[in-house]
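The values are calculated or read from the model by the stated rules, or taken from the named source; none is laboratory data. These numbers come from a predicted model, not from an experiment. With ideal geometry, Cβ positions are generated from the backbone for all residues, glycine too; neighbour counts draw on all protein chains shown. Quick note on the areas: whole protein, heavy atoms, side chains included, nothing else; ligands and nucleic acids left out. Shrake-Rupley method; radii C 1.70, N 1.55, O 1.52, S 1.80 Å.
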Amino acid sequence: MVTLEPLRADHADALLAFERENRAYFARTVPDRGDAFFTAAGFAARLQALLDEQHARVCRFHVVLGEDGELIGRVNLMDLADGTAELGYRVGEQAAGRGVATAAVAQVCRRAATDYGLTSLTARTTLDNPASMRVLTRNGFIRVENTMVEGQPGVRYVRRSLDASPDSP
């Protein structure tokens, strides 16, 4: 259904097109990234910074590709340290509601354990994003506390035992 690939420099054009196409859609649930992010120069600088972080193994960034190879989402693991990282993801409007985010998060959880040696992940979402809450709970994340997400009320989740499926005890 979906394929997860590590972010590479040659994803730049497709990734910028994806971000531009979905800007208004994403802004409904997360703060907008600002006009500079969406310019060719601003995006190129940001992409290079992400690739540098990935090369340093501080973060792991991924693109989500649909059945036809089109870029339909992103899944990221940020601030890798001491066996844990923070999960972030976004799926474009055209792919929303089709199980893409659930499948992509499941894939990154497996990769986090097998390829990156992580043992747990955390994630946060705003209270007005029930779809994201469902993605997390379907993937074995447990709600642990209320928090703020970029100035908005939210919730923090944790998933431990990444080597087990979400249905395992």
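Quick notes
- Looking across the range 12-54, the residues that are at pLDDT below 85 and either among the basic types (K, R) or over 17 Å from the mean Cα position of the chain (by Cα) (or both) come down to R28, R33, G34, D35, A36, F37, F38, T39, A40, A41.
- When restricted to residues that are open to solvent by 30 Å² or more (accessible area, probe 1.4 Å), within 17 Å of L4 (Cα to Cα) and either in a helix (DSSP H, G or I) or at pLDDT 95 or above (or both), the range 55-67 contains 1.
- Total residues in the range 117-143, condition open to solvent by 70 Å² or more (accessible area, probe 1.4 Å) and over 16 Å from F26 (Cα atoms): 6
- Pairing each residue of the range 1-21 that is touching a residue at least 24 places away in the same chain (Cβ under 8 Å) with any residue that is polar (S, T, N, Q), provided the two are 6+ apart or on different chains, yields C-beta distances under 6 Å for L4/Q107.
- The range 148-163: number of residues that are within 14 Å of N129 (Cα to Cα) and open to solvent by less than 40 Å² (accessible area, probe 1.4 Å): 4
- Flag for R98 being closer than 26 Å to E145 by Cβ and of a type in the set (K, R): no
- The residue of the range 85-107 that is least open to solvent (accessible area, probe 1.4 Å), among those that are in a strand (DSSP E or B) and out of contact with any helix residue (DSSP H, G or I) (no Cβ under 9 Å at 6 or more places or on another chain), is G88.
- Members of the range 7-53 found to be open to solvent by 60 Å² or more (accessible area, probe 1.4 Å) and either touching a His at 6+ places or on another chain (Cβ under 8 Å) or polar (S, T, N, Q) (or both), listed by number: T39, Q48
- Residues that are modelled with pLDDT of 95 or more and either within 18 Å of D82 (Cα to Cα) or of a type in the set (S, T, Y) (or both) are absent from the range 160-169.
- Residues being open to solvent by 40 Å² or more (accessible area, probe 1.4 Å), in contact with a Phe, Trp or Tyr (Cβ under 6 Å, 6 or more places away or on another chain), not in a strand (DSSP E or B) and not hydroxyl-bearing (S, T, Y) are entirely absent from the range 76-84.
- Filtered residue count, the range 24-79, keeping only those that are aromatic (F, W, Y) and closer than 27 Å to C109 by Cβ: 3
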